[in-house]
1. Could you please find all residues in region 417-436 being touching a Pro at 6+ places or on another chain (Cβ under 8 Å) and modelled with pLDDT of 95 or more?
2. Condition test on Leu74, is it closer than 30 Å to Leu260 by Cα, in a helix (DSSP H, G or I) and modelled with pLDDT under 95?
3. Give region 488-501 a look and list any residue that's in contact (Cβ under 8 Å) with a residue 24 or more places away in the chain and open to solvent by 50 Å² or more (accessible area, probe 1.4 Å), or say none.
4. Consider Trp236 against the criteria (1) part of a helix (DSSP H, G or I); (2) open to solvent by less than 40 Å² (accessible area, probe 1.4 Å); (3) closer than 25 Å to Phe154 by Cα: it satisfies all of them except one. Which criterion is unmet?
5. Search region 285-299 for residues that are touching a residue at least 40 places away in the same chain (Cβ under 8 Å) and within 15 Å of Leu69 (Cα to Cα) and pair each with any residue that is assigned to a loop (DSSP other than H, G, I, E, B) and open to solvent by less than 10 Å² (accessible area, probe 1.4 Å) when their beta-carbon atoms are under 6 Å apart and the residues are at least 6 apart or on different chains.
6. Of everything in region 78-112, what is assigned to a loop (DSSP other than H, G, I, E, B) and more than 21 Å from Arg174 (Cβ to Cβ)? Give them in sequence order.
7. Would you confirm whether or not region 481-503 contains a residue that is aliphatic (A, V, I, L, M) and within 28 Å of the chain's Cα centre (by Cα)?
Amino acid sequence: MNSSAGGIVRVLALLLFLGIALLASCALPSMPQRPDSRALDADAAAQTALGRALAPRLQRHPDRSGLHLLGDPLEAFAARMLLAHAAQRSLDVQYYIWRGDQTGTLLLHALLNAADRGVRVRLLLDDGGTSGLDRELATLAQHPHIEVRLFNPFALRWPKPLGYLTDFARTNRRMHSKSFTADNRVSIVGGRNVGDEYFGASDGVVFADLDVLAVGSVVEEVSTEFDRYWASLSAWPAQAILPAPDPAALQELSARASALTHSDSAQAYVRAVRDTAFIQDLLAQRLSLHWSRVEMVSDDPAKALGQAEPKGLLIDQLHRAVGTPQRSIMLVSPYFVPTSAGTDALLRLRERDITVRVMTNAYEATDVPLVHAGYAKHRKALLRGGVDLYEMRRSALSPGAERGPRPNRLGSSGSSLHAKTYAVDGERVFVGSYNFDPRSALLNTELGFVIHSPEFAQLVERVFDTEVPRRSYTLRLSGRDEIEWLDTAHEPPLAHRVEPNSTWWSRAMLRLLAWLPIDWLL
């Protein structure tokens, strides 16, 4: 063998060795012993400041839950910060994405401050959404009052996306559920993750989102479900996955949070926390709450391992709770992939003369073009069958721009859609994490509330009548059976004959993506 051939063999052997080592590093260790813990029990919760303040109202509304919609992004941020400040015994926090940006740093610091006061903090994060936070999370987990668990973690910390290649069947399934519960007395559930774009702090696109703050009977259901996820086989102690903690990380986190509270960029958030009186109003029994019957729907965490019973998935629970539409269905979803089966189901509703109206993101507003392609190939069939389609325009707020009027209840003006809600017959409405796509139905875990409230459901209908056409493109078919995007922001209305703000290349790519048989991944 000549020296050149020998060199090639050595290089191949080295690459093979590195590949084997990489695959070995991507394997999860054995699940360590985990301390057992439960949500704060009802008697202890009743003795907290939140419990004592809520007791008279809960007694007047047995078997009902009090709800407060959080459509304004600043109010949604302030609500979480103020609940962290108000908690006396426990904080149970579960999220799909937690950014290390302004709002993520401030909220992490609020959890640390609560733990320093003796509050037990349980933080459960999907590991797919924790990029850049390994050092902080590993160190937080050393605090005597903080426990951090990572759901469906990646053994290889960098580059983390390689975990999708080495263990795709597992890592492709994520925990998309979201909840924030203080003292087992107040919960926030909805569509928002933790990050600047979800709270209106991004210089670019601002996500129009929706959460609901809840008190009453449904809160204990949320806590019980958190316990189920916390104890699941997919919830790994952070110490078993992350590098060794760095004691300096907590000091740096506190320093960053302190610097942010004095920075110009975070002043809107500092003011929101300072000026939002909802915790004081809640404690003083002044906060406006809408009382109604609420059903929590949630996926079994075993879904993340492909082991959940199909009949018990959230999509089945949602169908049973909402029922079959008799008059109308109003659907809001940023990632709307109806598939052929879903398209046929919506068209069958139209055949019964049931109004079907759908709002999703326009191509220019989506952050996942592949998902848009999965939706776009069904548009003509839906329009031909009489389904009303609206696609929200992208209109980024300029950096430093003054905030306009308070947003409508599906989110703020000048925004990209991220809310997930679903109203039926003007009587029932869903708010939660569930996107109307195959990924939410079959792969990711989801959580939400079905609210039996004509007031809330009719609010969604009014928004479709007034705000949605004003903020979206209204889709229609031309005389040549081609899609047109009607923009009523112009006077007279402007009809686009191709995807607004797209190029011939992007349109060609969308058509190519639409041909791929990957709807089940979307």
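The values are calculated or read from the model by the stated rules, or taken from the named source; none is laboratory data. Note that the coordinates shown come from a computational prediction; the quantities given were computed from them, not determined experimentally. Glycine gets a Cβ as well: all are built from the backbone with ideal geometry, and neighbour counts include every protein chain shown. When the accessible area is computed, the model is the full protein with side chains, heavy atoms only, and any ligands, DNA or RNA have been set aside. Shrake-Rupley method; radii C 1.70, N 1.55, O 1.52, S 1.80 Å.
1. Val424, Asp425, Gly426, Glu427
2. yes
3. Let us first name the residues in region 488-501 that are in contact (Cβ under 8 Å) with a residue 24 or more places away in the chain, namely 489, 499-501.
Across region 488-501, the qualifying residues are Ala489, Asn501.
4. (1)
5. Ser292/Ser453
6. Kept after step one, since they are assigned to a loop (DSSP other than H, G, I, E, B), are these residues of region 78-112: 87-89, 96-97, 99-101.
Across region 78-112, the qualifying residues are Ala87, Gln88, Arg89.
7. No - not one qualifying residue is present in region 481-503.
Yes/no matrix, rows are residues, columns are (1) open to solvent by less than 50 Å² (accessible area, probe 1.4 Å); (2) part of a loop (DSSP other than H, G, I, E, B); (3) at pLDDT 95 or above; (4) among the basic types (Lys, Arg):
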site: Glu136; (1), (2), (3), (4): yes, no, yes, no
site: Arg149; (1), (2), (3), (4): yes, no, yes, yes
site: Lys160; (1), (2), (3), (4): yes, yes, no, yes
site: Gly163; (1), (2), (3), (4): yes, no, no, no
site: Phe180; (1), (2), (3), (4): yes, no, yes, no
site: Ser202; (1), (2), (3), (4): yes, yes, no, no
site: Ala214; (1), (2), (3), (4): yes, no, yes, no
site: Tyr229; (1), (2), (3), (4): yes, no, yes, no
site: Ala244; (1), (2), (3), (4): no, yes, no, no
